[in-house]
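The values are calculated or read from the model by the stated rules, or taken from the named source; none is laboratory data. Every value quoted in this text rests on a predicted model; they were computed, and no experiment measured them. Neighbour counts run over all protein chains shown; Cβ positions are idealised from the backbone, glycine included. Quick note on the areas: whole protein, heavy atoms, side chains included, nothing else; ligands and nucleic acids left out. Shrake-Rupley method; radii C 1.70, N 1.55, O 1.52, S 1.80 Å.
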Amino acid sequence: MINLKNKRIKAGSLLAKGLMVAVVLLVVVRCVYLEGVEQPASVRAGETVNTTLRAYIQAAEDRTNVRFVIGVLVPRSWRAAENTEMRYTSNFGDGDLVPIPANVRAPNSGNTLAWSAALMNKFGIGPNLVDDMEWIVFWTREQYTIRNGNRPEITAHISIKSGPQNMKFKFGYFIASSEDGLNDFLGGAGALYKTQFTDCFDVTDGDGDLLDFCNPPQTVIDPYRSTDNDILTITFDRDILPGPLGEDIFLCANAVLTDGREINRCGTSEGYKLNAVSGAKGRYEISLWPRQFFGLAPGDVIERLTYHFTDADGQIRVGYANTEEPFVYTFHCE
């Protein structure tokens, strides 16, 4: 007796496998490839960073009204959306890349997020350690028709004016098409977009404190941008660079006012003691309201803080890299 049920199951299984192979082949040969990014290792503050990005697509079907999309992850303080120019040359045409309008939603992002927000939601700040960055996203001004079997290649020339401050951070780059967006059906090498993050990039000869987005900081102040009227949380990680302090850690801080006066506050009472952060070995924190902590009068404004951490006797003072040099935090709210 012939088992028709088993034959139907096998036929259905073969059909499903065949359809899956067809879909996979279609997607695989329409992949986006980011061949490389060339950029300098550093720039002087306020000067322009010139980058060359090369990418291509393998097409397996005709597509109309397609644009190439390029995103760059940069420090928010650069205001890069206003200070960036992109041009491209390709085997299908040359021209400009322009900012994607804020009302355009990124495909395959749930269709609820604009491109910049979609990239931040998907990739965050990459390997950077300070959450003060943004994705700027551009696309080709012109739309193109891509034919089955085409291999569109693009070389983008990106010029971004750097900000005024000394810093270290890692650029992020993103390449995709306006049709597929964040489609990662296959994931990994088969994704219909690509990202790349660079090594640490230096901005030198600028203003203010060095902002290091690359290396784990001994101390962090949250929020990153604030005024002296905000509640601040100061965190100290004792284990990043092991030093002489034990578990009893206290704050010693100096407020530098805009009129040049300084107010010092050091102590070993509860008001100065850092508390261990639950679940984070070696990390301690203290929250304070600067205007109250330093006893400011109306009209007093703090420009920056310099601070150390001390032991219970106040004899050991730990600053930057476990030296006597104080940590510095400059108030700025933008």
How many Lys pairs in the chain lie less than 30 angstrom apart by Cα atoms, where the lysines are 8 or more positions apart or on different chains?
15
Using heavy-atom solvent-accessible surface (probe 1.4 Å) with all chains present, what is the largest-first order of Lys170, Lys281, Lys122?
Lys281, Lys122, Lys170
Using only Cα atoms, find the angle between the long axis of helix 4-28 and the longest principal axis of the chain, and express it within 0 to 90 degrees, rounded to the nearest 10.
60
Taking r as the C-beta separation of Ala102 and Trp289 and R0 as 35 Å, the FRET efficiency to the nearest 0.05 is 0.50
Which FRET efficiency value, to the nearest 0.05, is calculated for Asp199 and Arg261 with the Förster distance at 45 angstrom and r the Cβ-Cβ distance?
0.60
Just to make sure I understand: if all protein chains stay in place, what is the order of Leu296, Leu73 by accessible area at 1.4 Å, largest first?
Leu296, Leu73
I need the phi-derived Karplus couplings for the range 39-47: 6.51 cos²θ - 1.76 cosθ + 1.60, θ = phi - 60°, integer Hz, Gly and Pro marked x.
8, x, 8, 7, 8, 6, 3, x, 8
Please report, in cubic angstrom per residue, the volume enclosed by the convex hull of the alpha-carbon atoms of the range 201-262.
148
Accessible surface of Glu324 - all protein chains present, 1.4 Å probe, nearest 10 Å²:
120
Strictly greater than 17 Å: what percent of every Cα pair in the range 53-106 meets that?
51
Assigning unit charges at the beta carbon (Lys, Arg +1; Asp, Glu -1) and nothing else, what dipole magnitude in debye, to the nearest 20, does the chain show about its Cα centre?
2360
Taking 7 Å along the Cα-to-C-beta vector as the label spot, tell me the Asp239-Tyr33 distance in nanometres, rounded to one decimal.
4.4
Which is farthest toward the positive dipole end of the chain among Tyr329, Ala253, Ala118, measuring Cα position about the Cα centre, with Cβ charges +1 (Lys, Arg) and -1 (Asp, Glu)?
Ala118
In debye, nearest 20, what is the charge dipole magnitude of the range 94-200 about its Cα centre with +1 on Lys and Arg Cβ and -1 on Asp and Glu Cβ, if you could check?
60
Inter-part distance where the range 229-271 and the range 92-115 are each reduced to a Cα centre, Å
45
Quote the accessible area belonging to Cys214 in square angstrom, nearest 10, computed with a 1.4 Å probe and with ligands, DNA and RNA left uncounted.
20
Mean separation of Cα contacts under 8 Å (6+ apart) over length of the range 190-334, as relative contact order %:
27
Using 7 Å Cα-to-Cβ label points, what is the Thr155/Val301 separation (nm, one decimal)?
5.0
Helix-only mean residue ellipticity at 222 nm, the chain, DSSP H runs n ≥ 4 weighted -39,500 (n - 2.57), per residue, nearest 500. What is it?
-3500 deg cm²/dmol
Alpha-carbon Debye profile of the chain, log10 I(q)/I(0) at 0.07, 0.09, 0.13, 0.14 Å⁻¹
-0.43, -0.64, -0.99, -1.08
Nearest-0.05 FRET efficiency for Arg87 and Lys273, computed from C-beta distance (R0 56 Å)
0.50
